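Structure first, commentary second.
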Amino acid sequence: MDASIYPPWQALLDSRDALGLPDLTVQSLSDFMAAALDPIQNPGILPPAQWPQVVEQAIVVFSKLYPHLPFKENLGDKYGPRPDPVGMLKQLLDEVSRNPPPMDEVEFHTRMVEAFASVHDLHTAYVRPPFFRGAVAFLPFRVGYYEDTEFPHAPHFVVTSVMGGIDNPDFVQGVKLVAPDGNTSFQSILDQAVGLTPGANGPANLHRGIMALTIRPMATYGTRKWVPPFDSDTETFAFVAPASPETKFVTVRWGVAKSKSLVVDLPSETGGTKGNTSTQYRSSMGSPDWSYSYLASQMFYRRSFAAPLPSAENVSFFPEIFRFQWTFGPAAQDQFDPANFRVDLGFNKRFGYVAIKSFNRSASEDVSVDLPNEFERILRLIQPNAPDGLIIDIRGNTGGDIITAELMLQMLTPVRITPANFHMANSPEVRDMLARTNVTGDLQVFQDDVRSNNISTGSLTPPNPLTPPARLPFQVYQGPVTLLVDAVTYSAADIFAGGFADHGIGPIVSSDPVTGGGGAHAWSHADMVNNLPADSGLGLAPLPHPGPAMSFAFLRSSRVNANNLQAIEDLGVGVTVSKPRAQSDFLQSLGPGPISKTILDACKAMAAMQPYRVEASNPLQMDTNIQVTLGAVGLETARFFLDHDPDPVVVVPVSELTPTLGEQHAGTPIRTEVISVPFHPDGTPPGMIRVKGFVGETLKTSTRILLTQKLDRRRR
């Protein structure tokens, strides 16, 4: 079908260069699905003779390697029928083993998606063959929701943006979507929209239903409606305009946008090598889900991220990952102020804001180096400008690299982070593999457990971290920190939120009661074939190529400290401050507008918190000691440590420091003094001085000086 027949499609095509999608094409849903079955248009059609091989490999992983299955089964009917992916796959295997099989290729792939979707786990996805990748079905509008303050469980579903070209002048941003019959809830329509791509818990399912209402990646999305013969290329919606009680209707057409830029590779397709699991396969991101946020931001907001200008001090070098601002800070390069911090929020305090959109970058060789380095740079910019509190916003962050997330988390607290636990499925086949054959990388610690008989009788192996504690950095930002999450906060972002809560860093604020509930370390099926021993006895074999792909939750994560061994999968991370979603929250996300209620709730929480800060500056080396200017706020003692020695060499009562006029911090003068810090007992100067601030015996904040880099070595 000629895209010019439907104006929104033509408007999209006219903008493809500006969107960074120069090869973008658009066609109708029915044309796309018909092309999928045409061997001329889709020469990569998977022959029916290869279907049993695909099904058998899924059965192998679900029955032997999938760590979540016993727990999913124990959820009962909480999120639908009790999951039985192995039973579903065995039934499918029986059908596709017939000659000829009683289905076409589209039906086969839909049945596979259906089996994977039964476990409500976005890490565990069936990805259709290459023809479907980079293709996203869409309707030309987006939806958000807010809750009535008097009826917090009665959401209102509102159109937040509309693509150009819709010929209904009444269907504009701000109209409310309602059920066509006027009696049932619009929620039932969202339940149908989520199809075979459900969330892990109730709030996540709601958010995914809203996204899937208008944006559906063809490689992973599943719906029975899209099995031939096709129901329709169009959808009709009932809506009510803000100023009128009359229910009106609009009919819109499904288009399928396709571009190489929308293809998302699974982990093993990103250049990893056999056996290198320690650096290549830490990703926890449900990668096929990425095209939701990317396509939506590109197609509907039409905001490309320009390279940062050197003079723009509040623009990240990775603007697709970080957005930040502080109270009365400079205007962002693109005039987008995500927190409306350039207006007076009424707290007489200076707050900062950092949004982290992902813990992953497609154009990075090692995200666990470049993203933490950039995060540290941003925090150092924010610290003097926002000493009274910092908002970290990971709403909508679907995950990425687990080690990256935990390294960044450490920069927000003086308490040493205990990395999240991970477990393998404790199946007989896994134990046998670990006992008989050598593994490398992340799996080595699990093998050590088996060979030392440190193995449990439950469904999971003993816990082990993925993040090496020795790699953890030091605290960078000092001050109250609040975390913003939502039910789309998922995977590595879930783990970040769990660590934030488990280490008592600060309150978690959200309009949802829990995060998305994705607690796992994902591998593709190809990861398993390439990185598990060839003689493992698991029965793993490559999938047909080119052909479908599969990703699985391979390691199950659990929390630490007070929540030790509690799962994140399905449960998510509970929030501290949960209030109904306000209309200002999604309107603010579109650009400057009403101050987000969630942002204000976070500021209120920080305004009530005591800030703590310790500073060590101007080091000057003498003959036997180092002179350091100490500054402190809100503390009782400051303690100096040399290098990694466990005992302090100097303990300074903060009350004895001199109050410094001029610089005010939350209404309290900062106290400063020059302190003499002695060398090591053997007379050698330290390479690092750590300064920790305490109230009683409770560590509140810390900083450090790397003397090898910063020390003025003039001697007297």
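Between GLU107 and ASP623, how high is the FRET efficiency from 1/(1 + (r/R0)^6) when r is the Cβ-Cβ distance and R₀ = 60 Å? Nearest 0.05. After rounding to 0.05, the efficiency reads 0.15.
Peptides 505-515, 438-448, ordered by how many other C-beta atoms sit within 10 Å of their residues on average, highest first, read 505-515, 438-448.
With all pairs of different alpha carbon atoms counted, what Kirkwood hydrodynamic radius in Å does segment 139-256 show?
About 15.1 Å, per the Kirkwood formula over Cα pairs.
Bridging of LYS258 to aspartates and glutamates at a Cα separation below 12 Å is possible for ASP23, once same-chain residues fewer than 8 apart are set aside. Would you please calculate the Kirkwood hydrodynamic radius of segment 1-155 over all C-alpha pairs and express it in Å, rounded to one decimal? Evaluated on segment 1-155, it is 19.0 Å.
How big is the Kirkwood radius of segment 613-710, worked out from every pair of different alpha carbons and given in Å to one decimal? Hydrodynamic radius (Kirkwood, Cα pairs) of segment 613-710 is 13.6 Å. In what sequence do HIS644, HIS525 fall when counting other Cβ within 10 Å, fewest first? With the sparsest Cβ surroundings first, the list reads HIS644, HIS525.
Between segment 508-543 and segment 199-223, the C-alpha centres lie 20 angstrom from each other.
Here the extension length gained between GLU320 and THR698 equals 132.3 nm, from 0.36 nm per residue of separation less the Cα-Cα distance.
Counted by neighbouring Cβ atoms within 10 Å, the residues VAL240, VAL476, VAL369 run from fewest to most as VAL369, VAL240, VAL476.
Quickly rank 35-44, 550-559, 207-216 as a protection proxy: mean count of other C-beta atoms within 10 Å, highest first. List each step's numbers first, then the result.
Values: 35-44: 12.9, 550-559: 25.5, 207-216: 23.4.
For the peptides 35-44, 550-559, 207-216, the packing ranking is 550-559, 207-216, 35-44.
Histogrammed with a bin width of 10 Å, the alpha carbon distances of segment 391-538 distribute as 11, 35, 30, 19, 6, 0 percent, first bin at zero.
For ILE5 and ASP432, compute 0.36 nm times the residue count separating them, minus their Cα-Cα distance, and round to one decimal in nm. Mind dumping the intermediate values first?
Values: separation 427, 0.36 × 427 = 153.72 nm, distance 6.05 nm.
The span from ILE5 to ASP432 would gain 147.7 nm if fully extended.
Computed over every Cα-Cα pair of segment 60-135 and binned at 10 Å starting from 0, the pair-distance distribution P(r) comes out as 17, 46, 29, 7 percent. Label 7 Å along Cα→Cβ of ALA608; segment 395-420 residues with amide nitrogen under 14 Å? Hits in segment 395-420 for ALA608 at 14 Å: none. With the crude spin-label approximation of a point 7 Å out along Cα→Cβ, what separation in nm comes out for ALA49 versus ASN183? About 5.6 nm, to one decimal.
For segment 15-69, what number results from the quotient of the Cα radius of gyration and 2.2 N^0.38 Å? Before the final figure, lay out each step's value.
Values: Rg = 18.1 Å, N = 55, 2.2 N^0.38 = 10.1 Å.
My calculation over the Cα atoms of segment 15-69 gives 1.80.
With 0.36 nm allotted per residue and the present C-alpha distance subtracted, the GLU235-GLU56 stretch has 60.8 nm of extension available.
Laboratory data are not the source of any read-out in this text; all were calculated from the coordinates shown. Note that the coordinates shown come from a computational prediction; the quantities given were computed from them, not determined experimentally. Note that we place each Cβ from the backbone using ideal geometry, even for glycine, and neighbour counts take in every protein chain shown.
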